[in-house]
Amino acid sequence: MAEKNKRVGGADARRLDITALTLREHVVRMIGVGKAGHLGGSCSLADIVTALYFHTMRYDPKDITDPDRDRLILSKGHSVLIQYAALMELGVIPLSEREKVKTLAGMLQGHPDMDRTPGLEAVTGSLGQGLSIGVGMALALRLDGRSSRVFVIMGDGELAEGQLWEAAMAAARFGLDRITGIVDRNRIQATGPTREVFDIPGIEKKWEAFGWNVLTVNGHNIAAVVEALERAGGMKGAPTVIVADTVKGMGISFAENSAAFHNGIMSQEQYDTALAELGAARAARTQENPR
Amino acid sequence: MTISKNPRMAYGEALVALGKRDPRVVALEADLGKSTQSVLFKAAFPDRHFEMGIAEQNMASTAAGLALAGKIPFIHSFAVFASGRVYDQLRNSVCIPNVNVRICGSSCGLSDFGDGKTHQSVEDVALMRALPNMSVLSPSDSIELTAMMEEILDWKGPVYIRVNRNDLPFTFPGDPSYRIGTVVRIRDGADAAIFASGIMVSKALDAARMLAEKGISARVLNVGTIKPLDRDAVIGFAEGARAIVTAEEHTVIGGLGSAVLEALRGVRHAPVELIGLHDSFGLSAESYDALLEHFGLTGEAIASAVRKLLEGKS
């Protein structure tokens, strides 16, 4: 395990970058043309989710109920498309479900629903609850003497939810160092820039004041994300939060930094553009010589 | 009338018994452990008791996480907070994934008579009953409560249990074959059927005795499990009665009375009257009995409702 979690570079970094682009392509295909979907927050998370599922997490896609697995809870449940994409790429969710998202015939709901979808660890979507669920899992895992880690991804807009800070206090109070929180700081919420809609200054200081270790990272530099996840795992006695600076809609020019694509509808032209841009980026990264 | 063990004490002791039986049982508290009696569990199993502070919402979702990881968590607060304050957490974190969280709604109904509207729960049954997957229990005394706790361990999905703060009269005869989900006839009678839950079962028995003195025989049905409600049993017990009265320590909107009427839909039945609070919050009072009387939650009120229905004057 320790071997696997060492820094990534060269071929590994390239492999992970390519995976993240593939996940974004899955997301675009899941949303399709003329239908609303949470493109922006899914793309801002693509590199982080890739680092987790394809490098850091102890997670066997062939044994998804293994009690010793690491858990990933997407507290910002509206971005579940990126988790679906990762689970498809791992073979947990059949690829045939990709074009059936949010249909009665499909298993993939608009927000995480364990009832229908394999690989999901909790029901989220009503914002602010994921960290609490993670606290419960971490307490149970500790009682059972397991070493599993619990990763909880939150949105920066979501930090306005009061329950989340109740959970932050509890995680620190119980010394749940197996919890790593990740804030997807893409600085845009549903109706506009967070600075204008509901500014929450001093995010890092707030977490520190609540008793957490705080790391800041560029959420699109997978090697840096992997390193931060590794550092967080080594910090004992208190939980750690990684504040990841990201770009909403990252990788798709018309969706980048756009509140309209928090839950937007793509035209045929935009759909084609998105796939063309992601495909070109993937081809370019594939052809690069590993450093 | 014989007084049974205090329900809160019976609850606390039953929880300790479950903790001894099954290591998966854990308890979460929100700074009301002396009221809910989860302190007994804390003393017995300090490692499996979590004081979550005055943060009920976090407590409810934390319980979901514990349950998802294989534990059977019991969360505790006053009924008004354990249902309403955490409604969204119970709905999303707990009921949608249908996990085995048990919610102890302590000091239920008007039983916290002194503390007034903010601390009395008169709409919790309606809220909890509306949640898909949630079971709703309202024991009539500590004997029934203990019997429910025996079975609650292996019950599938989330369970909400109302626990009264005060000493209650013995009403439940005790039955080793007791099962959650059954409607129990605790007194037979031909003229009227009285469906009651919680403290109101003892009031219904009072009413039946008063009616008997007037030559009216009433059967008393204890509906300890308000959801899932045994519809066939309700229909069967209503059959032949010329008057049907429900009695609950709760608003008549969405509680036991509503549940009984839902069960009786589509079948011919006698006229029905609902005893309970009528679109009203509670009130501070000097005693529990005074408060119950203020809201007409008495044997006299039930008996009077039966007589009026029989006389066609409801």
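The values are calculated or read from the model by the stated rules, or taken from the named source; none is laboratory data. Please read all numbers here as calculations on a predicted model, not as lab measurements. Neighbour counts are summed over all protein chains in view; Cβ atoms, including those assigned to glycine, are modelled from backbone coordinates with ideal geometry.
Please name all residue pairs, on different chains or six or more residues apart, with Cβ atoms under 6 Å, provided the first residue is in the stretch B:106-124 and is more than 25 Å from B:Leu15 (Cβ to Cβ) and the second residue is in a loop (DSSP other than H, G, I, E, B).
Listed pairs, sorted by first residue: B:Gly114/B:Ser284; B:Gly116/B:Ser284; B:Lys117/B:Phe281; B:Lys117/B:Gly282; B:Val122/B:Gly282.
Looking at the stretch B:230-265 only, could you name the residues that are outside any helix (DSSP H, G or I), in contact with a strand residue (DSSP E or B) (Cβ under 9 Å, 6 or more places away or on another chain) and either under 18 Å from B:Val136 (Cβ atoms) or at pLDDT below 95 (or both)?
If we filter the stretch B:230-265 for residues that are outside any helix (DSSP H, G or I), which is where we start, we get B:230, B:239-255, B:265.
Of the ones still in play, those that are also in contact with a strand residue (DSSP E or B) (Cβ under 9 Å, 6 or more places away or on another chain) are B:239-253, B:255.
Passing the criteria: B:Thr246, B:Ala247, B:Glu248, B:Glu249, B:His250, B:Thr251, B:Val252, B:Ile253, B:Gly255.
With a cut-off of at least 1 residues that are under 18 Å from the mean Cα position of the chain (by Cα), name the helices (runs of 4 or more DSSP H) lying wholly within the stretch A:142-248. Quick ask: steps written out before the conclusion?
On the way: elements: A:162-173, A:194-197, A:203-209, A:222-234.
The helices (runs of 4 or more DSSP H) meeting that bar are A:162-173, A:222-234.
Which ones in the stretch A:68-118 are crowded, with 21+ Cβ neighbours inside 10 Å, within 14 Å of chain B (Cβ to nearest Cβ), touching a helix residue (DSSP H, G or I) at 6+ places or on another chain (Cβ under 7 Å) and not basic (Lys, Arg)?
A:Leu72, A:Ile73, A:Leu74, A:Ser75, A:His78, A:Pro112
Can you pull out the residues in the stretch B:124-136 that are buried (at least 24 other Cβ atoms within 10 Å of the Cβ), touching a Ser or Thr at 6+ places or on another chain (Cβ under 6 Å) and aliphatic (A, V, I, L, M)? First the steps, then the outcome.
Our first condition is that a residue be buried (at least 24 other Cβ atoms within 10 Å of the Cβ); within the stretch B:124-136, this holds for B:124-125, B:128, B:136.
From what is left, the residues that are touching a Ser or Thr at 6+ places or on another chain (Cβ under 6 Å) are B:124, B:128.
Once the filter is applied, which keeps residues that are buried (at least 24 other Cβ atoms within 10 Å of the Cβ), touching a Ser or Thr at 6+ places or on another chain (Cβ under 6 Å) and aliphatic (A, V, I, L, M), the stretch B:124-136 yields only B:Met128.
Within the stretch B:30-134, considering only helices (runs of 4 or more DSSP H) that don't extend past its boundaries, which have at least 1 residues that are over 18 Å from A:Val135 (Cβ atoms) and either modelled with pLDDT of 95 or more or away from chain A (no Cβ under 14 Å) (or both)? Lay out the reasoning, then the answer.
Numbers: elements: B:33-36, B:39-44, B:56-68, B:124-130.
Once the helices (runs of 4 or more DSSP H) in the stretch B:30-134 are filtered for at least 1 residues that are over 18 Å from A:Val135 (Cβ atoms) and either modelled with pLDDT of 95 or more or away from chain A (no Cβ under 14 Å) (or both), what remains is B:33-36, B:39-44, B:124-130.
Within the stretch A:128-178, track down each residue that is among the basic types (Lys, Arg) and either within 18 Å of A:Leu74 (Cα to Cα) or modelled with pLDDT under 95 (or both).
First, the residues of the stretch A:128-178 that are among the basic types (Lys, Arg): A:142, A:146, A:149, A:173, A:178.
Hits for the stretch A:128-178 are A:Arg149, A:Arg178.
Only one of B:Asn98, B:Asn92, B:Asn133 is free of Cβ contacts under 8 Å to residues at least 60 places away in the same chain, assigned by TED's automatic domain parsing to the domain that holds B:Leu66 and at positive phi. Can you tell me which?
On the way: B:Asn98 fails: free of Cβ contacts under 8 Å to residues at least 60 places away in the same chain; B:Asn92 fails: at positive phi.
Testing whether each residue is free of Cβ contacts under 8 Å to residues at least 60 places away in the same chain, assigned by TED's automatic domain parsing to the domain that holds B:Leu66 and at positive phi leaves just B:Asn133.
Looking only at the stretch A:1-35, count how many residues are of a type outside the set (D, E, K, R) and at pLDDT below 95. Before the answer, list the steps.
If we filter the stretch A:1-35 for residues that are of a type outside the set (D, E, K, R), which is where we start, we get A:1-2, A:5, A:8-11, A:13, A:16, A:18-23, A:26-28, A:30-34.
Filter once more, so that each one left must be at pLDDT below 95: A:1-2, A:5, A:8-11, A:13.
Selection size over the stretch A:1-35: 8.
Which one is surrounded by the fewest Cβ atoms within 10 Å (Cβ to Cβ), of the residues in the stretch B:1-59 that are polar (S, T, N, Q) and over 30 Å from A:Leu127 (Cβ atoms)?
Pass one, the stretch B:1-59, residues polar (S, T, N, Q): B:2, B:4, B:6, B:35-38, B:57-58.
Pick out the ones that are also over 30 Å from A:Leu127 (Cβ atoms) and you get B:2, B:4, B:6, B:35, B:37.
Numbers: B:Thr2: 7, B:Ser4: 21, B:Asn6: 17, B:Ser35: 18, B:Gln37: 25.
Filtering the stretch B:1-59 for residues that are polar (S, T, N, Q) and over 30 Å from A:Leu127 (Cβ atoms), the one surrounded by the fewest Cβ atoms within 10 Å (Cβ to Cβ) comes out as B:Thr2.
Mind telling me which of the residues B:Val267, B:Val245, B:Val252 ends up being among the β-branched types (Val, Ile, Thr) and over 25 Å from B:Met128 (Cβ atoms)?
B:Val267
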